[in-house]
Amino acid sequence: MMVDLGIPGLKAAQGDHICAFYRGLRDRDRVLIPYLRAGLAAGDKCLCVVDATDPESVLAELRCDLDVDRRVAAHQLDVLASQHTYLDGGAFRTDRMIEFWDEAVSSALCEDGVSFVRAVGEMTWALRDVPGVDELVGYESRLNRFLPLYPQVILCLYDLERFSGELILDILKTHPKILVRGTVTENPYYLEPEEFLATRR
Amino acid sequence: MTAAAPTPGYPPDAVLRDQLSNLRGLLLFAVLMTECDDEGQITHLATSSIPSLGTARLRALYIEGSGWQALDGPRAEPALSQLEAQLHSLDGVGGPVRIPGDAWAWAFALGGRTGSFLVVGAAVEPSTENRFLLQVLAQETGVALANARLHAQERATAKRLEETLGALQRSMDIHKRLTQVAVRCEGQEGLAQAIHELTGYPVAIEDRYGNLRAWAGPDRTEPYPKDPAPKREQLLRRLIREARPSRDGNRLVALARPRGDLLGVIALVDPGGDCGEHERVALEHGATILAMELARLRSLSEAELRLRRDLVESLLDGTDDETVQSRAQGLGYDLGRSHRVVIAEGRGRTRDDDVFFQAVRRASLDLSVGTLMVARKGAVLVLASQEVPWEEFRQAVLRELGGGRCRLGVGGLCERPADFARSHREAELTLRMEDACSRADRASSFDDLGVYRLFCELPDLGAVERFVRERLGGLLDYDRRKHSDLVRTLTLFLEHGGNYIATAEALFVHPSTLKYRLQRIRDLTGYDLNNPDTRFSLQLSTRAWQMVRARREEEVPPPAPGAGRRAPTC
């Protein structure tokens, strides 16, 4: 099953874990907003976690041409803040975040009656000085194991203006697909979670 | 990660895939860095990625021409100096360097940037693969920096070009608008309005003396302020010296100087001193258009003056043809009216013919005497189209002169162009009669000459001369032989009605002298000066004698300019 990413000509396969690179907020929204619009149009459950802006700004952007409130009330769209998800409790923990996705996706598929979930997370929270952020790359690697469990696709958003080269290279190694400059490319050499985690030991 | 040797639990092909994954990452970096125009972001992306490429760590980034850009090692000045010396010795190709504390250190040459290096160090020498990755990173970084610099230069060039085009466009707008002013003959008011619209500032146009000629915009001061003449001249001299728009108090001022003649001034009123280049350009263009306009007006004025002068000269020469009529019509002048030729002779306190001419012109315009006039050697000839009290006209000239002297000779009436020459002669004759009679400055008309006029109109001057000789011949001969003054004495005695005191005063002699001279006249002629018939006959003779002298003078060239009054010779 191929999923329309909302950007002309770009599609993803079920189970894809894509890291998307952008420069600044305007560039972020060029990826984020069409991605959510396409998901809502397809009847998918859309899970969005933002960090650089509050959730309301994303909802306002979508509200231009969609009945967003109805979709939020129907649980088709959840836009959340990073402090209530990634950094819940003031720290990041990989296990807790994987559990969050597991619960949110399974709940949507079982209770909300949708057949597909598309998630998106803005990753700039990892630049904050809070406990656990050094688990980021390991977490990304763990997500690769989680993705095949459900009919879903997940987009991780990385701001090139803020992340270091070292982190970007590590992110590249752990993502099977990359979205950059409007093109999705595959990384045939990406490291499986175990492999990457082994390099970290 | 980035292992040179497999780690326990590390799949055998994982080393290769890690390496390939790094290479792929560097390819992506190449894309990201090349599309980035910010040199800071490029160096940050490059230097911060080094830990992912093995055990080596950043020590320094050196850019030729910019110096040390990123440092994470030898920060002390001596160490940096030593490292810089080592980099220079590498001849731009990269190679090993010595860094205190590092067992291995290498300077990788940046691609596309000669003399620039990425310097890394490590406790142990990295694998060949990792060194290759660092070399690729240095290459990509150099290319990206060169690219960013080129883009920056392009942007700077484009910005300069845009600014130049903007300035050119503004200049063209100014040129177009001001050309419109010139082509549509909008005059000084139109020019001031155009400059005001182009700049947003109030605009004043003044003549060279500081009198306001046109204003556009708000806040006009009433009455319009005017500097004293010395201060004004000082400003004009400074503006001429500086040869560009300059500030004068709260104004930006430019001169209108066609062919070096200073004809006017144009000013932007700018109390805040905010005028920029655009306003200066507009003002300079405006000054050029103003110079053209003022030169045109002056040229028109000079041409009209020349045409008027030529017309007057033709009329005084007695020309009476169609060309005279058509030239007068061309000047909008009605020759069909009655005229008189009026000669104003005199001078002001200074011997400046132009001052006298301007005084006559202003008095003539004020009293609506006439508009056609010409200057001639210390005199001004006016073709008077109005009958006015001529003494009032003379007084008006004196007032305009602010003192000095002036007398008027008014010719007879002209009903057609051919009459102007006669009226001119009559005006001249009138003045000569005034000379002959030693009269004080006054306005005298040919029409008021009385008996003189009768003599003047006699065609045979010889008959009059014979009449004079019959009665005064003896005295005239005596005066000529003895260089005496008996004829003039007799003339003034008769003109003063036989009053001894008045006559003596007029002659500037003692009454006894006068009595002696009168007795001498009686002795020489035998005339009884108390006989009314004799006195009438003699007075007619002396007046005829004056007229003959005046008409004889008419037949010889006129006196030299500025000769003023002739000495009384009666």
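Quick check on my filter: what residues within region A:1-18 are assigned to a loop (DSSP other than H, G, I, E, B) and of a type in the set (Val, Ile, Thr)?
Passing the criteria: only A:ILE7.
Here is a list of conditions, (1) within 9 Å of chain B (Cβ to nearest Cβ); (2) surrounded by 22 or more Cβ atoms within 10 Å (Cβ to Cβ); (3) of a type in the set (Ser, Thr, Tyr), and A:SER164 meets all of them except one; can you say which number that is?
Among (1) within 9 Å of chain B (Cβ to nearest Cβ); (2) surrounded by 22 or more Cβ atoms within 10 Å (Cβ to Cβ); (3) of a type in the set (Ser, Thr, Tyr), A:SER164 violates only (2).
Looking at B:PHE356 and the list (1) more than 18 Å from B:ARG405 (Cβ to Cβ); (2) touching a Lys or Arg at 6+ places or on another chain (Cβ under 7 Å); (3) outside any strand (DSSP E or B), which single condition is not satisfied?
Only one criterion in (1) more than 18 Å from B:ARG405 (Cβ to Cβ); (2) touching a Lys or Arg at 6+ places or on another chain (Cβ under 7 Å); (3) outside any strand (DSSP E or B) is unmet by B:PHE356, namely (1).
Taking region B:289-321 as the search range and keeping residues that are polar (S, T, N, Q) and without any contact (Cβ under 8 Å) to a residue 40 or more places away in the chain, which one is nearest to B:MET172 (Cα to Cα)?
B:SER299
Under the condition of being within 12 Å of A:HIS17 (Cβ to Cβ) and of a type outside the set (S, T, N, Q), which residue from region A:167-183 is nearest to the other protein chains (Cβ to nearest Cβ)?
If we take residues in region A:167-183 being within 12 Å of A:HIS17 (Cβ to Cβ) and of a type outside the set (S, T, N, Q), then A:ILE178 is nearest to the other protein chains (Cβ to nearest Cβ).
On the given criteria, is A:ASP78 without any contact (Cβ under 8 Å) to a residue 60 or more places away in the chain and surrounded by 15 or more Cβ atoms within 10 Å (Cβ to Cβ)?
Yes; evaluated as a whole, the condition is true for this residue.
Restricting the search to region B:108-122, which residues are β-branched (Val, Ile, Thr) and assigned to a loop (DSSP other than H, G, I, E, B)?
Within region B:108-122, B:THR114 is the sole residue that qualifies.
Based on what the data block shows, is A:PHE92 assigned to a loop (DSSP other than H, G, I, E, B) and within 30 Å of A:ASP134 (Cα to Cα)?
Spelling it out, A:PHE92 is indeed assigned to a loop (DSSP other than H, G, I, E, B) and within 30 Å of A:ASP134 (Cα to Cα).
Out of B:PHE108, B:PHE132, I need the residue that is surrounded by fewer than 19 Cβ atoms within 10 Å (Cβ to Cβ), away from chain A (no Cβ under 13 Å) and either touching a strand residue (DSSP E or B) at 6+ places or on another chain (Cβ under 7 Å) or within 26 Å of B:LEU28 (Cα to Cα) (or both). Which one?
B:PHE132
Tell me, which residue of region B:27-62 that is part of a helix (DSSP H, G or I) and more than 8 Å from chain A (Cβ to nearest Cβ) is nearest to A:HIS175 (Cα to Cα)?
B:LEU27
Is it true that A:SER115 is over 17 Å from the mean Cα position of the chain (by Cα) and either within 14 Å of chain B (Cβ to nearest Cβ) or part of a loop (DSSP other than H, G, I, E, B) (or both)?
yes
Restricting to region B:492-506, name every residue that is under 60 Å from the mean Cα position of the chain (by Cα) and not in a helix (DSSP H, G or I).
Hit for region B:492-506 is B:HIS496, nothing else.
Keeping to region A:83-115, report how many residues are surrounded by 20 or more Cβ atoms within 10 Å (Cβ to Cβ) and out of contact with any strand residue (DSSP E or B) (no Cβ under 6 Å at 6 or more places or on another chain).
Total satisfying the criteria: 5.
Could you list all residues from region B:210-237 that are basic (Lys, Arg) and either more than 19 Å from B:ASP270 (Cα to Cα) or touching a Gly at 6+ places or on another chain (Cβ under 8 Å) (or both)?
The answer is B:ARG213, B:LYS226, B:LYS231, B:ARG232, B:ARG237.
Are any residues in region B:507-522 farther than 14 Å from B:ARG471 by Cα and either assigned to a helix (DSSP H, G or I) or of a type outside the set (A, V, I, L, M, F, W, C) (or both), and if so, which ones?
Of everything in region B:507-522, those that are farther than 14 Å from B:ARG471 by Cα and either assigned to a helix (DSSP H, G or I) or of a type outside the set (A, V, I, L, M, F, W, C) (or both) turn out to be B:LEU507, B:HIS510, B:PRO511, B:SER512, B:THR513, B:LEU514, B:LYS515, B:TYR516, B:ARG517, B:LEU518, B:GLN519, B:ARG520.
Taking region A:30-55, which residues are of a type in the set (Asp, Glu) and surrounded by fewer than 17 Cβ atoms within 10 Å (Cβ to Cβ)?
A:ASP54 - this is the single residue of region A:30-55 that is of a type in the set (Asp, Glu) and surrounded by fewer than 17 Cβ atoms within 10 Å (Cβ to Cβ).
For region B:245-277, name all the residues that are over 17 Å from B:ASP227 (Cβ atoms), part of a loop (DSSP other than H, G, I, E, B) and among the aliphatic types (A, V, I, L, M).
B:LEU263
Taking the condition buried (at least 22 other Cβ atoms within 10 Å of the Cβ) and of a type in the set (Lys, Arg), does A:ARG118 pass?
Considered against the rule, which asks whether it is buried (at least 22 other Cβ atoms within 10 Å of the Cβ) and of a type in the set (Lys, Arg), A:ARG118 comes out as yes.
Check region B:179-190 and report whether any residue there is within 26 Å of B:GLU277 (Cβ to Cβ), more than 35 Å from the chain's Cα centre (by Cα) and acidic (Asp, Glu).
So far as region B:179-190 goes, no, none of its residues is within 26 Å of B:GLU277 (Cβ to Cβ), more than 35 Å from the chain's Cα centre (by Cα) and acidic (Asp, Glu).
Out of the residues in region A:184-198 that are in contact with a Ser or Thr (Cβ under 7 Å, 6 or more places away or on another chain) and not small (Gly, Ala, Ser), state the one that is nearest to the other protein chains (Cβ to nearest Cβ).
Looking at residues that are in contact with a Ser or Thr (Cβ under 7 Å, 6 or more places away or on another chain) and not small (Gly, Ala, Ser), I get A:TYR189.
In the set B:LEU398, B:LEU383, B:LEU365, which member is of a type outside the set (Phe, Trp, Tyr) and in a strand (DSSP E or B)?
Step by step, each of B:LEU398, B:LEU383, B:LEU365 is checked, and only B:LEU383 is of a type outside the set (Phe, Trp, Tyr) and in a strand (DSSP E or B).
From the set of residues in region A:167-185 that are within 25 Å of A:ASP29 (Cβ to Cβ) and among the charged types (D, E, K, R), which is surrounded by the fewest Cβ atoms within 10 Å (Cβ to Cβ)?
Ranking the candidates gives A:ARG181 first.
Quick note: the coordinates plus some simple rules give every number you see, no bench work behind them. Note that the structure is a prediction, hence the values are computed from the model and not measured. All Cβ positions, glycine included, derive from the backbone under ideal geometry; neighbour counts span all protein chains shown.
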